[in-house]
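The values are calculated or read from the model by the stated rules, or taken from the named source; none is laboratory data. As the structure is a prediction and not an experimental result, all values here were calculated from the model. Backbone-built Cβ (ideal geometry, glycine too); neighbour counts: all protein chains shown. Surface areas here come from the heavy atoms of the whole protein model, side chains and all, with no ligands, DNA or RNA. Shrake-Rupley method; radii C 1.70, N 1.55, O 1.52, S 1.80 Å.
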Amino acid sequence: MPAQSLPLPASGPAIAFERVAKVYADGTVALDGVSLTVAPGSFVALVGPSGSGKSTLLRTVNRLVAPSDGRVTIDGEDVAAGPPHLLRRRIGYVFQEVGLFPHLSVAENVALPLRVAGRRDPARVSAMLDLVDLPAALASRLPAALSGGQRQRVGVARALVTGPRLLLMDEPFGALDPVTREALMRSVLRLHRELALTTVMVTHDMAEALLAADRVLVMERGRLVADETPAALLAGAGGATAAALVAVPRAQGERLAALARGAQA
């Protein structure tokens, strides 16, 4: 089934973080009063040093982390207002470890969220595999027979099979080789556009954030320290932490350019 035959929502939802804080029992401050709004249909990247609170903030959206203070809303509705499992059915979640069940086939892994919701829809599963560019012949295989990139594509298909309008990604491609990572990122961007999603991605790769997102949020020590477009960050906006992160791909690009010039000389 071609991607165009899938029903598309008008737009993904808005997300609002209102003074969100997370303090653990040992006194560790993971989030320190974060407030921001993610516009409907946008692609936002969360970046920052390790331990800056990126993943913690992302996980407050689907209630894998409960804030110590403040609240998170989706289209104005507090995420804590109802049962967590019903909330999570409306949110696609992709993470680095993928978490496929080894004893289930590819098709069965993708279908699992539908089964949990009491639905059986083989046509939907087939359509999702097609949408993430997985051949139909792989549907009956076990995860162990797949490459890392193929397993992550299964994870994306599983995250989107129930038709969520919001996609959360937590370092989804960190364990993949650069070529596979680039191909998957292009696939995710295509899905973001075709399915009219709101997408929030945590990444340690600043180049990936700059190239994929229309808005980059920079975190440090549990606080939001920059909120800029990629172009603004490249132009020097965002402060010292943002500048340090941007400097890495910028310096790499300059060194590669110098190597290319040397090769042509």
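Kindly report the accessible area of the chain per residue (heavy atoms of protein chains, probe 1.4 Å, no ligands, DNA or RNA), in Å².
48 Å²
Can you find, among 200, 43, 84, the residue sitting farthest towards the positive end of the charge dipole of the chain, where Lys and Arg contribute +1 and Asp and Glu -1 at Cβ?
Result: 84, furthest along the dipole toward the positive end.
Rounded to the nearest 20 debye, what is the charge dipole size of the range 1-154 about its Cα centre when +1 sits on each Lys and Arg Cβ and -1 on each Asp and Glu Cβ?
Here the range 1-154 has a charge dipole of around 360 debye.
Write down the percent of antiparallel bridges among all DSSP beta bridges whose residues are both part of the chain, to the nearest 5.
50 percent
How many angstrom lie between the Cα centre of the range 196-265 and the Cα centre of the range 111-173?
Taking the Cα centre of the range 111-173 as reference, the centre of the range 196-265 is 30 Å away.
Taking only DSSP H segments of four or more residues, each worth -39500 (n - 2.57), what value at 222 nm results for the chain once the sum is divided by all its residues, to the nearest 500 deg cm²/dmol?
About -12000 deg cm²/dmol.
What is the ratio of the Cα radius of gyration of the chain to 2.2 N^0.38 Å, with N the residue count, to two decimals?
Scaled against compact globular proteins, the figure is 1.05.
Multiply the residue separation of residue 96 and residue 115 by 0.36 nm, subtract the distance between their alpha-carbon atoms, and state the gained length in nm to one decimal.
Result for the pair: 4.5 nm of gain on full extension.
Using the Cα centre as the reference, give the magnitude of the dipole from point charges on the C-beta atoms of the chain (Lys, Arg: +1; Asp, Glu: -1; all else neutral), rounded to the nearest 20 debye.
Charge dipole, the chain, about its Cα centre: 520 debye, nearest 20.
Using the Cα centre of the range 73-161 as the reference point, and only Cβ charges (+1 on K/R, -1 on D/E), how large is the resulting charge dipole? Debye, rounded to the nearest 20.
280 debye
Roughly speaking, what is the stretch gain from residue 194 to residue 255, that is 0.36 nm per residue apart minus the C-alpha to C-alpha distance, in nm to one decimal?
18.4 nm
Which percentage, to the nearest 5, of the DSSP beta bridges contained in the range 88-223 is antiparallel?
Roughly 10 percent of the beta bridges in the range 88-223 run antiparallel, per DSSP.
Go through 97, 220, 171 and list them by solvent-accessible area, largest first, probe radius 1.4 Å.
Heavy-atom accessible area, descending, gives 97, 220, 171.
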